[in-house]
Amino acid sequence: MLVVGPNGAGKTNLLESLHVGTQGFSPRTRADAQLIRFGAEAARVVMHGMRGAVAVETEVVLQRSGGKEARMNGARVERPERLRSELATLVFTPDRLAVVKGGPAVRRAYFDRALGRLLPAQAGVPAAYGEALGQRNAALRRVGLGLSTRDAVTPWSEQVVELGTELVVSRRRVLDLLGPGFAERAGELGLEDVSLDYRGEPLSTSALEARLDRDLDRGSTGLGPHLDEIAIVSGSRDVRSFGSQGEQRLAVLSLLLAESDLIAESRPSPPLLLLDDVLSELDPGRREILAARVAGRGQTVITSTSRQALPADPAQVIEVTPGRAWAA
Ligand SMILES: Nc1ncnc2c1ncn2[C@@H]1O[C@H](COP(=O)(O)OP(=O)(O)O)[C@@H](O)[C@H]1O
Ligand SMILES: [Mg+2]
């Protein structure tokens, strides 16, 4: 589906509402009040669709006072963000370039979200590790303040090692899953020999023990997967430092397409793909490859300021002007 309209018409808003309606949150902001129309008290997104052969309906209601409720097929979803374990949506926005260009924390967060989608049984591991790490850091600071003894840190160190090891194993599995498809999609788009490279210091109880004095000084844990790097490499060089703007864009897009293929294999239906402003940044040859890639597999919504930008016949064209969207 192609969404066309001039700048500022509301194309990104429409895409964002599709994300909110299927996932229960915005890909852009955690501040839900920003999603409500200026001057209004509430926002509501209702969607009808098919998951495989089965009809699904979702409804998400946001209140300016902070309340948020989601329903799926009429039944209340306990936490609206849980919609994402039922329905998969992947999004490309120009902001997503941060996954390649930004610091390691952006990539860790990105791949940990992919972990939640690709390894549902391990989805809670990143948060559980974060929790254990927070507890260890709090214990370190209590020792520093003379409120407790060094021994009190030990149980948290053990937790950090146990959950941290599980996190590293899960992340590496995610990279193993994504790596081949990422290289293939990137190759089609002209980005040769790319790979995902996990970089981190080995974590063990003895390694944590060995740096306890330094950790006590700093009041924080200086070793563990919260500091690891997931490098996106082309040839032998880091795309982050050496890739051109265009290559960085292609890398993000290839990651998204690779994940989309994996989800299509493991879930009842392929994910909804939301591609915001992707065409204007690609040359005609690459636009064609992308159009061929997304054609006929699940549903893809692409925004553009120009009908001519998509070198393929979309199943549907939606025109957007401020405050209005309709099928052209
Ligand atoms: N909460 C809001 N309520 C009403 N209008 C908003 C809200 N947030 C953004 N806008 C307006 O939406 C427009 C931008 O729409 P957007 O979807 O980004 O356009 P584009 O078609 O270029 O993607 C801007 O004019 C902005 O002022
Ligand atoms: Mg936009």
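For the pair the range 29-97 and the range 100-114, the centres of their Cα atoms are 23 angstrom apart.
If packing is taken as the mean number of other Cβ atoms within 10 Å per residue, what is the order of 246-259, 78-91, highest first? If you can, show how the numbers build up before the last one.
Working: 246-259: 22.5, 78-91: 17.6.
Taking the mean over residues of other Cβ atoms within 10 Å, the ranking is 246-259, 78-91.
When Met72, Met50 are arranged by Cβ crowding within 10 Å, least crowded first, meaning fewest neighbours, the order is Met50, Met72.
Let me test this: with uniform point scatterers at the alpha carbons of the range 1-155, what is the Debye-based log₁₀ I(q)/I(0) at q = 0.14, 0.19, 0.20 1/Å? With no solvent term, the Cα-only Debye profile gives -0.88, -1.28, -1.34. Fewest-first ordering of Ile263, Ile289 by other beta carbons within 10 Å of each residue's beta carbon gives Ile289, Ile263. Structural descriptor for the chain: relative contact order 25 percent, calculated from alpha carbon pairs under 8 angstrom and at least 6 residues apart.
Rounded to the nearest angstrom and listed largest first, the equivalent-ellipsoid semi-axes of the range 174-328 from its Cα gyration tensor are 39, 18, 16.
Sorting the segments 167-176, 269-278, 101-110 by their mean number of nearby beta carbons within 10 angstrom, highest to lowest, gives 269-278, 167-176, 101-110.
Among Trp326, Trp156, the ranking by other beta carbons within 10 Å of each residue's beta carbon, starting with the fewest, stands as Trp326, Trp156. For the chain, what proportion of DSSP beta bridges, expressed in % and rounded to the nearest 5, is antiparallel? If we restrict to bridges inside the chain, about 70 percent are antiparallel.
Axis angle, to the nearest 10 degrees, between helix 245-266 and the longest C-alpha principal axis of the chain: 90 degrees.
In whole Å, what three semi-axes, largest first, describe the equivalent ellipsoid of the chain built from its Cα gyration tensor (square root of 5 times each eigenvalue)? Intermediate results must be reported in sequence, preceding the final value.
Details: eigenvalues 294, 130, 62 Å².
Its equivalent ellipsoid spans semi-axes of 38, 25, 18 Å.
Taking a point 7 Å out from the Cα of Thr29 in the direction of its Cβ, the residues of the range 303-328 whose backbone N falls within less than 20 Å of it are 322-324. Peptides 21-31, 194-204 ranked from most to least packed give 21-31, 194-204, packing being the mean of other C-beta atoms within 10 angstrom over each peptide's residues. Report, to the nearest 10°, how far helix 284-294 tilts away from the longest principal axis of the Cα atoms in the chain, using its own Cα long axis and a range of 0 to 90°. Relative to the chain, helix 284-294 is tipped by roughly 80 degrees. Classify the range 80-146 as rounded, prolate or oblate from the Cα gyration tensor: take a ≥ b ≥ c as the square roots of its eigenvalues, call it rounded if a/c is under 1.5, otherwise prolate when a/b beats b/c and oblate if not. Verdict is oblate for the range 80-146. Which FRET efficiency value, to the nearest 0.05, is calculated for Ser148 and Ser306 with the Förster distance at 51 angstrom and r the Cβ-Cβ distance? With R0 = 51 Å, the Cβ-Cβ based efficiency is 0.20. Converting phi to 3J(HN,Hα) with the Karplus coefficients 6.51, -1.76 and 1.60 and the offset θ = phi - 60°, the range 154-169 yields 3, x, 6, 4, 5, 4, 4, 5, 5, 6, x, 5, 5, 5, 5, 4 Hz in sequence order, with x at every glycine or proline.
Karplus-derived 3J(HN,Hα) values for the range 24-30, using 6.51 cos²θ - 1.76 cosθ + 1.60 with θ = phi - 60°, are x, 7, 8, x, 9, 8, 8 Hz; glycine and proline are entered as x. Extent of the range 97-266 along its three principal axes (Cα atoms, max minus min coordinate, largest first): 59, 34, 22 Å.
Taken together, the values in this text are just the output of simple stated rules run on the coordinates, not laboratory data. Remember, it's a predicted structure, so these values are computed and weren't measured experimentally. Don't worry about glycine lacking a Cβ; one is built from the backbone with ideal geometry, like all the others, and counts go over all protein chains shown.
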